[in-house]
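Asker: This structure is in structure tokens; I'll ask about it shortly.
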Amino acid sequence: MTDTPADDLKPSFRSDVTVELVKHTASDADVLFAARVSTVGEQSLDELNKDPERSKGLINYLMRDRHGSPFEHNSMTFFISAPIFVFREFMRHRVGWSYNEESGRYRELQPVFYVPDESRKLVQEGRPGKYVFVEGTQAQQELVGRVMEDSYVHAYEAYQEMLAAGVAREVARAVLPVGLFSSMYATCNARSLMHFLGLRTQHELAKVPSFPQREIEMVGEKMEAAWAELMPLTYAAFNANGRVAP
């Protein structure tokens, strides 16, 4: 994306996130190749496809007994657009992940900001470690939208004022909020993605409960949908065994 002249920049607000699978080398066959080399040596793809039920059973066995390394011999790269606060949570996941995020040092950041829609639960009830989120009132929803939008507009005006005065981008960006949208490439393998999904999504099949922030869960759900199409046997085994990464 190229920078837009300052006079044309007007803040915009969105409540969604986007996730695009831009490239991959990922299939169930990758898991089978890696697992079977320890017992029968190198195999051709035709040999792996001769007995699909046996292949399904092997993947399920690997998942159930937590033999994790065969699930690392694949790669998926996603292009993700989400608020900065989502990426700060995301980057706590370090093993098996690589990231490159757009830089506010080298380009003028665009005024696109996150405002939750009415589906986002706004009120936290209970103490840390034992709480739930519940629906907000209409008044709370209107308050959140108004205050967020006003704050974003003022912050971006301050950013533009500093840039116009010749202040370096890396200094001026300090006034921008974590609700600003950013973008990044994130590359992972199936094992690291499963660990991410186990922590960052809620699911009825999960053995271990998780309480992710909704916005990062939205990203996780989109990544999960793309991965499920690439590796259906692995995905089925993940769900069948409680959504615990091997």
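The values are calculated or read from the model by the stated rules, or taken from the named source; none is laboratory data. These numbers come from a predicted model, not from an experiment. Every residue, glycine as well, gets a Cβ built from its backbone with ideal geometry; the counts of neighbours run over all protein chains shown.
Asker: Any idea which residue in the range 207-234 is modelled with the lowest pLDDT, counting only those that are of a type in the set (A, V, I, L, M) and surrounded by fewer than 16 Cβ atoms within 10 Å (Cβ to Cβ)?
Answerer: Val208
Asker: May I pose another question? Can you work out which of the residues in the range 141-167 that are over 20 Å from Arg14 (Cβ atoms) and without any contact (Cβ under 8 Å) to a residue 24 or more places away in the chain is surrounded by the most Cβ atoms within 10 Å (Cβ to Cβ)?
Answerer: Per the stated criteria, the residue is Met162.
Asker: Go through (1) under 30 Å from Phe71 (Cβ atoms); (2) in a loop (DSSP other than H, G, I, E, B) one by one and return the number of the condition Lys121 breaks.
Answerer: (1)
Asker: Would you confirm whether or not the range 140-156 contains a residue that is within 30 Å of Met223 (Cα to Cα), hydrophobic (A, V, I, L, M, F, W, C) and modelled with pLDDT of 95 or more?
Answerer: The answer is yes, given that some residue of the range 140-156 is within 30 Å of Met223 (Cα to Cα), hydrophobic (A, V, I, L, M, F, W, C) and modelled with pLDDT of 95 or more.
Asker: Taking the conditions exactly as written (modelled with pLDDT of 95 or more and among the aromatic types (Phe, Trp, Tyr)), does Tyr131 satisfy them or not?
Answerer: No; evaluated as a whole, the condition is false for this residue.
Asker: Identify all residues within the range 182-229 that are touching a residue at least 24 places away in the same chain (Cβ under 8 Å) and of a type in the set (Gly, Ala, Ser); write none if there are none.
Answerer: Hits for the range 182-229 are Ser182, Ser183, Ala186, Ala190, Ser192, Gly198, Ala206, Gly220, Ala226.
Asker: Does Ser15 satisfy the condition of being over 14 Å from Gln110 (Cβ atoms), among the small types (Gly, Ala, Ser), at pLDDT 90 or above and surrounded by fewer than 17 Cβ atoms within 10 Å (Cβ to Cβ)?
Answerer: yes
Asker: Kindly check whether there is at least one residue in the range 50-60 that is hydrophobic (A, V, I, L, M, F, W, C) and buried (at least 17 other Cβ atoms within 10 Å of the Cβ).
Answerer: yes
Asker: Related question: Inspect the range 112-124 for any residue being on the phi < 0 side of the Ramachandran plot, out of contact with any Asp or Glu (no Cβ under 8 Å at 6 or more places or on another chain), aromatic (Phe, Trp, Tyr) and at pLDDT 95 or above and give the result as yes or no.
Answerer: no
Asker: Here's a follow-up. Among the residues of the range 104-119, write down those that are crowded, with 18+ Cβ neighbours inside 10 Å and either in contact with a His (Cβ under 6 Å, 6 or more places away or on another chain) or among the polar types (S, T, N, Q) (or both).
Answerer: Matches in the range 104-119: Gln110 only.
Asker: Test Leu62 against the criterion of being of a type in the set (A, V, I, L, M, F, W, C) and modelled with pLDDT under 95, and give yes or no.
Answerer: no
Asker: Taking the range 70-91 on its own, how many of its residues are surrounded by 13 or more Cβ atoms within 10 Å (Cβ to Cβ) and part of a helix (DSSP H, G or I)? It would help to see each step written out before you state the result.
Answerer: If we filter the range 70-91 for residues that are surrounded by 13 or more Cβ atoms within 10 Å (Cβ to Cβ), which is where we start, we get 70-87, 89-91.
If we keep only those that are part of a helix (DSSP H, G or I) as well, we get 70-72, 84-87, 89-90.
Result for the range 70-91: 9.
Asker: Tally time: how many residues in the range 71-90 are in contact with a Phe, Trp or Tyr (Cβ under 8 Å, 6 or more places away or on another chain) and within 17 Å of Leu32 (Cβ to Cβ)?
Answerer: Number of matching residues: 1.
Asker: Pull up the range 169-181, narrow it to residues that are free of Cβ contacts under 8 Å to residues at least 60 places away in the same chain and surrounded by fewer than 16 Cβ atoms within 10 Å (Cβ to Cβ), then point me to the one that is farthest from Tyr114 (Cα to Cα).
Answerer: Across the range 169-181, the extreme among qualifying residues is Val171.
Asker: Applying the selection to the range 92-103, what residues are assigned to a loop (DSSP other than H, G, I, E, B) and either surrounded by 15 or more Cβ atoms within 10 Å (Cβ to Cβ) or polar (S, T, N, Q) (or both)?
Answerer: Result: His93, Gly96, Glu102, Ser103.
Asker: Output the residues belonging to the range 89-107 that are touching a Lys or Arg at 6+ places or on another chain (Cβ under 9 Å) and acidic (Asp, Glu).
Answerer: Passing the criteria: only Glu89.
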